[in-house]
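I have placed the structure first, in the form of structure tokens, so that the comments after it can refer back to it.
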Amino acid sequence: MEKEFILIMPSIKDRIDWLEYYKEFKKVNPDSNPLDYRLGQDYEQWLSEKEDESKGLNLQEGRVPSSVYLLKIKGNDRILGHVSIRHSIDNEFLEKVGGHIGYGIRPSERGKGYAKILLNLALTFCKELGIENVMITCKKNNIPSAKCIKSNGGILRDEINYKGEDFNRYDFKLD
Ligand SMILES: CC(C)(COP(=O)(O)OP(=O)(O)OC[C@H]1O[C@@H](n2cnc3c(N)ncnc32)[C@H](O)[C@@H]1OP(=O)(O)O)[C@@H](O)C(=O)NCCC(=O)NCCS
């Protein structure tokens, strides 16, 4: 039977696998901070912060409403990837390099085409949120991410240097 991939909001039952996922991710990508979780942070408190953020409640300064999801295969609880979808990019950082979508795949699950699938599902969610022009950026040297963006229809808008690093900005027109 074909595997069905889903994006699903993190919940209480993901706690143990999320902590393993997070540690595995940070080991390989120490500079990234999946879904803004901080090591040692109370999981339930983090869940509640994320839930609030998705509703635009109690936003900290500089934050915009955003929704976070985990990539899974339907019927299997293992976390394969994560994505954050910002409902707008109405601030300087997001407009420059943050973009609407931030994502990652569990290191032990990379190279299987999962990022392409995740991005495809995330774009569908953007459409449901009514975002017509989705902007995604990636570091110029991030070849897998660039391939994944282009194969999902991303059109290179420009290159931008932010704090000494080169980024490519891509646009997706959703109709
Ligand atoms: C970038 C990332 C999401 C890619 O995830 P992935 O599941 O391994 O990607 P996929 O398997 O869907 O592959 C996407 C494309 O990249 C290619 N690719 C995968 N790993 C690659 C590598 N190490 N070198 C070159 N190309 C690679 C794949 O062959 C595929 O290309 P294709 O369209 O020609 O088939 C993952 O490496 C990651 O989580 N990185 C850290 C966080 C990050 O960079 N996020 C993106 C921010 S913009």
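Restricting the first member to the range 8-21 and to residues that are closer than 17 Å to P107 by Cα, and the second to residues that are assigned to a helix (DSSP H, G or I) and at pLDDT 95 or above, the beta-carbon pairs closer than 8 Å and six or more apart or on different chains are W18/Y43; L19/Y43; Y21/P34. With the structure loaded, tell me whether K127 is exposed (fewer than 13 other Cβ atoms within 10 Å of the Cβ), closer than 22 Å to I6 by Cα and basic (K, R) or whether it fails that test. The answer is no for K127. Those strands (runs of 3 or more DSSP E) of the range 99-174 in which 3 or more residues are more than 13 Å from the ligand (Cβ to nearest atom) occupy 155-162, 165-173.
The conditions of being of a type outside the set (D, E, K, R), in contact with a strand residue (DSSP E or B) (Cβ under 6 Å, 6 or more places away or on another chain) and surrounded by fewer than 20 Cβ atoms within 10 Å (Cβ to Cβ) are not met by S66.
Filtered by the rule that a residue be assigned to a loop (DSSP other than H, G, I, E, B) and in contact with a Gly (Cβ under 8 Å, 6 or more places away or on another chain), the range 65-79 gives a lone residue, P65.
Residues considered: L7, L19, L80, L47. Of these, the only one that is closer than 20 Å to L129 by Cα and at pLDDT 95 or above is L7.
Residues in the range 22-33 that are assigned to a loop (DSSP other than H, G, I, E, B) and in contact (Cβ under 8 Å) with a residue 60 or more places away in the chain were compared, and the one that is nearest to the chain's Cα centre (by Cα) is S32. Test R78 against the criterion of being closer than 21 Å to F5 by Cβ, surrounded by fewer than 21 Cβ atoms within 10 Å (Cβ to Cβ) and near the ligand (Cβ under 8 Å from one of its atoms), and give yes or no. No: the conditions fail for R78. Check the range 34-52 and report whether any residue there is within 16 Å of the ligand (Cβ to nearest atom), assigned to a loop (DSSP other than H, G, I, E, B) and within 17 Å of the chain's Cα centre (by Cα). Checking the range 34-52: at least one residue is within 16 Å of the ligand (Cβ to nearest atom), assigned to a loop (DSSP other than H, G, I, E, B) and within 17 Å of the chain's Cα centre (by Cα).
Within the range 42-74, the set of residues being in contact (Cβ under 8 Å) with a residue 60 or more places away in the chain and either over 26 Å from T137 (Cα atoms) or aliphatic (A, V, I, L, M) (or both) comprises L70, L71, I73, K74. The set of residues in the range 46-89 being farther than 14 Å from L35 by Cβ and among the basic types (K, R) consists of K55, K72, K74, R78.
The values are calculated or read from the model by the stated rules, or taken from the named source; none is laboratory data. Computed from a predicted model, the values in this text were never measured in an experiment. Please note: Cβ atoms are built from the backbone with ideal geometry, for glycine as well, and neighbour counts cover all protein chains shown.
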